[in-house]
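Working notes for the structure below.
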Amino acid sequence: MSSADLDQTAKSILIENDQGGYTVPTKGLYPYQWNWDSVFVALGFATFDQDRAWREIEMLFEGQWRDGMVPHILFRKDDPSYFPGPSVWGTDGGPIPSSGHSQPPVAATVISDLVDSDTSGKALGRAAALFPSLMNWHRWFLAYRDPEAKGAMSVIHPWESGRDNLPDWDDALRAVVVKDIGPYERKDTSHVDPAMRPHKEDYDRYLSIMAACRNVGWDPAEVARTCPFFVADPGVTFIFLRASRDLLTLAEKLGKDAEADEIKGWINRMETGVKSLWHDGLKAHVALDRRSGKHTDGISSMSFLAPYAGIADQETLESLQGHFDRIAEKVRYLMPSYDPEHTSYEPLRYWRGPVWAMVNYMIARGFAEVGDSARAERLRNDTASLVEASGFAEYFSPETAAGAGGGTFSWTAAIWLTWASPTHVEQAA
Ligand code: GLC
């Protein structure tokens, strides 16, 4: 298929997955509105319909909880083909039935991009309307995912990281006692090959964490204090730090001086705190289990987000470039979600090896911003080759380019349109 045909297919995927203002990640496997999927999808819509791009994010924020949290899933209508649905979550924090935790906060960054690329003259007004909600969401992260002000964001569930079965969660998950879950029937494995999905032992624990949070009524302070899973994640930390910088730019554009000062304080806290995720032996930022105090021992694709977060001192940058080149010798397509030289690496199992387009986009953006255009271009070319080989799959094998998981996937289509498509590169040149 030519790039122009792929552009057309990508647009059709977004239009097909549109439910009237919000977009499902893919039909069947994920039938609701997911938080960071929607935000990346907005970038795709913005290439041909800016109004629709804003609508996607505005509808996501309609589900914001009273405490400021923006949930990872909004269950706008009931769909029995998905598990775990609203009754299992048992939440009551916001206006729309939802899951009980959040997802990586990419929204402020994308909103700032939408303002920069606006041609309608309406973007700043729409950003101003969302600004208080963004502030509250970021404050929520600081209060309840970094309650001791250590400057690194934790996740209370692997799903909150957006990287469900990443090897980084294995030890912390194994420590979760399986209880209060009753019999249940998964639906994901009837949509896609079980060999590409998490194991049952993982699922039992995913549900046990939810049960523990349900037992404290999803009260955010209690969840932070008692949740059996509480792991500082370099992915969420870097994305939050980057989003806070973009929120600061927005605050300055909007003349919000008090908020701008507040955000500067967050940035200082995170810039200092992120150092606690640095693994001296590996020379990269890794996860840190707050309950056991232990670092994990593997490099994940989001370790490469340091430059994206503005952490680009010489030691960090040079060691990341070294890891990048080492990994490039091991697999054909970058960036595998986990280090291919780690024993936990599996090229087709979800977040244990496969390449994800939106992660490549963020890594490349950071590398380009610090002047490493060669590695940024490598990521773009690899992403384009994966889509050209296997279409708009959920994720791809870093070894063979095989597409896996769900098909006709919204964020893969969106990332193609906004960044990976050669047509887009020509227009931008
Ligand atoms: C999976 C992914 C998560 C994504 C969701 C919907 O759970 O791990 O990041 O948001 O699917 O696509």
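Bear in mind that the values in this text are calculations on the coordinates, not laboratory data. Every value quoted in this text rests on a predicted model; they were computed, and no experiment measured them. Here Cβ is always computed from backbone atoms with ideal geometry, including for glycine, and neighbour counts include all displayed protein chains.
Details
- Going by neighbour counts of Cβ atoms within 10 Å, the residues S87, S373, S208 line up, fewest first, as S87, S373, S208.
- For region 375-380, Karplus couplings with θ = phi - 60° (6.51, -1.76, 1.60), whole Hz, Gly/Pro x: 6, 4, 5, 4, 5, 5
- V216 sits among other residues whose Cβ lies under 13 Å from its own Cβ, and their net charge, with Lys and Arg +1 and Asp and Glu -1, is -2.
- Region 289-402: C-alpha gyration tensor shape, a/c 1.5 cut-off, then a/b vs b/c: oblate
- Shown in residue order for region 238-246 are the 3J(HN,Hα) couplings computed by the Karplus curve 6.51 cos²θ - 1.76 cosθ + 1.60 at θ = phi - 60°: 5, 5, 5, 5, 4, 5, 5, 4, 5 Hz (x for Gly and Pro).
- Annotation: amide H of M69 has no partner in the under-5 Å range at sequence separation 5 or more or interchain, hydrogens built in the peptide plane.
- Counting only Cβ charges, +1 for Lys and Arg and -1 for Asp and Glu, the dipole size of the chain around its Cα centre is about 560 debye.
- Less than 5 angstrom separates the built amide H of V155 from those of V231, A232, D233, all sequence-distant by 5 or more or on a different chain.
- For region 132-204, the C-alpha radius of gyration divided by 2.2 N^0.38 Å, with N the number of residues, is 1.40.
- Pairs from K11/K253; K200/K294; K200/K275 whose Cα-Cα separation, in the structure shown, is over 29 Å: K11/K253; K200/K275
- Debye intensity ratio I(q)/I(0), log10, the chain, q values 0.09 Å⁻¹ (C-alpha model): -0.50
- Secondary-structure-derived ellipticity at 222 nm for the chain, considering helices only, amounts to -15000 deg cm²/dmol, per-run term -39500 (n - 2.57) for DSSP H runs with n ≥ 4.
- The string of couplings for region 280-295 from the Karplus curve (6.51, -1.76, 1.60, θ = phi - 60°) is 5, x, 7, 6, 6, 7, 10, 6, 9, 6, 5, 6, 9, x, 9, 7 Hz, one whole number per residue in order, with x for Gly and Pro.
- Our summary gives region 3-428 a relative contact order of 18 percent, counting only alpha carbon pairs under 8 angstrom and 6 or more residues apart.
- Most fluctuating residue given options I239, I111, I96, as computed from a GNM of the chain linking Cα atoms under 10 Å: I96
- Most mobile of G322, G162, G44 in a GNM of the chain (Cα contacts under 10 Å): G322
- Close amide-amide hydrogen proximity is noted between H279 and A284, H285, V286, each under 5 Å apart and 5 or more residues distant or on a separate chain (H modeled in the peptide plane; Pro and chain starts excluded).
- GNM top mover of F40, F48, F75 - the chain, alpha-carbon springs below 10 Å: F48
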